[in-house]
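Okay, structure first, notes after.
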Ligand SMILES: CC(C)(COP(=O)(O)OP(=O)(O)OC[C@H]1O[C@@H](n2cnc3c(N)ncnc32)[C@H](O)[C@@H]1OP(=O)(O)O)[C@@H](O)C(=O)NCCC(=O)NCCS
């Protein structure tokens with residue numbers, strides 16, 4: 001189904017007919033700097049990529065056509081994803097005119113009104129400021145962050161997941177905003193001193209003299225993943241294991257863990273589910289499993 005906006009027409013993608021025009025975007029390394037793969041080498045390769053994307057179950061992709069029906073980019077919903085995911089790309093010459101926002105707004109309207117989707121989200125590299133700005137203009141808000149590594153890149157990067165709910169359908173139930181594991185330890189101040197530098201953590205609060213309960217926020221902001229340390233009592237259960245996704249910080253964190261004065265470090269291993277993992281064991285026996293994309 002074709003869609004129209006004030007300045008644009010969105011025409012369902014035809015990989016054979018549109019590859020040549022879209023190669024201006026997919027073949028440009030600057031445009032593809034944040035894409036899941038490097039730029040394509042030819043229009044034929046662009047056609048293959050578009051055909052693959054278009055064939056994914058649930059995919060709905062449109063070419064973005066500006067004045068004189070010229071194809072300037074692609075917008076739509078990705079297939080083969082659990083939560084409906086938006087995608088957009090524009091040839092460099094079409095940046096800075098509001099086309100991506102205008103086209104994506106029409107796709108969201110279509111997704112909510114005609115397809116009846118509950119929500120749409122977008123995964124955007126934290127450094128892709130233009131794409132983040134598109135999300136912001138579309139009233140998409142941050143739902144969380146994760147780490148990802150593209151196969152053509154040596155290191156993982158941070159990804160912001162932004163989402164918008166179809167408020168026509170129903171209000172969102174209150175989500176769980178945060179889960180904070182509580183670690184009983186024999187010596188709260190010593191554990192704080194041990195973990196704070198390894199985790200680059202901030203002490204959110206500390207109660208008691210000497211400290212009996214403390215909240216460690218794992219990052220430099222007011223909110224974020226956190227741990228609560230409490231003084232262990234006889235009645236409390238034994239050691240626990242916490243899994244922490246640390247993304248791009250994996251190597252530096254491992255370095256800091258092996259330099260720590262106490263605790264034991266098990267060296268990194270690659271797990272079959274695609275992550276690298278190392279374990280830091282606290283003197284109390286609690287195991288912190290740090291992971292990042294392999
Ligand atoms: C992401 C991408 C589509 C954003 O393109 P963009 O041109 O910055 O975004 P828009 O088309 O919404 O245009 C917004 C800009 O047009 C300007 N603009 C000019 N005329 C306008 C008009 N009539 N109406 C609205 N905005 C207008 C806006 O002020 C804004 O300018 P700014 O960048 O100086 O703030 C583009 O950078 C791209 O193709 N990137 C590579 C592919 C990619 O990363 N895709 C996303 C993967 S998650």
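Observations on the structure shown:
- Of all the numbered requirements in (1) modelled with pLDDT under 95; (2) away from the ligand (no atom under 13 Å from the Cβ); (3) surrounded by 12 or more Cβ atoms within 10 Å (Cβ to Cβ); (4) not in a strand (DSSP E or B), residue 146 misses one, and that requirement is (4).
- Of the residues making up region 257-281, those that are exposed (fewer than 15 other Cβ atoms within 10 Å of the Cβ), at pLDDT 90 or above and not in a strand (DSSP E or B) number 4.
- Single residue of region 159-182 satisfying the filter (modelled with pLDDT of 90 or more and farther than 28 Å from residue 214 by Cα) that is surrounded by the most Cβ atoms within 10 Å (Cβ to Cβ): 162
- Test: residue 220 is loosely packed, with under 14 Cβ neighbours inside 10 Å, under 22 Å from the mean Cα position of the chain (by Cα), at pLDDT below 95 and under 29 Å from residue 143 (Cα atoms): yes
- Filter result (touching a helix residue (DSSP H, G or I) at 6+ places or on another chain (Cβ under 6 Å), within 10 Å of the ligand (Cβ to nearest atom) and in a strand (DSSP E or B)) within region 97-128: 122, 124, 125
- Here 81, 11 are screened, and the one residue that is assigned by TED's automatic domain parsing to the domain that holds residue 159, within 14 Å of the ligand (Cβ to nearest atom) and either outside any helix (DSSP H, G or I) or touching a helix residue (DSSP H, G or I) at 6+ places or on another chain (Cβ under 8 Å) (or both) is 81.
- Single unsatisfied condition, residue 91 versus (1) more than 8 Å from the ligand (Cβ to nearest atom); (2) more than 15 Å from residue 166 (Cβ to Cβ); (3) touching a residue at least 40 places away in the same chain (Cβ under 8 Å); (4) in contact with a strand residue (DSSP E or B) (Cβ under 6 Å, 6 or more places away or on another chain): (1)
The values are calculated or read from the model by the stated rules, or taken from the named source; none is laboratory data. For clarity, every value in this text was computed on a predicted model and none was experimentally measured. Here Cβ is always computed from backbone atoms with ideal geometry, including for glycine, and neighbour counts include all displayed protein chains.
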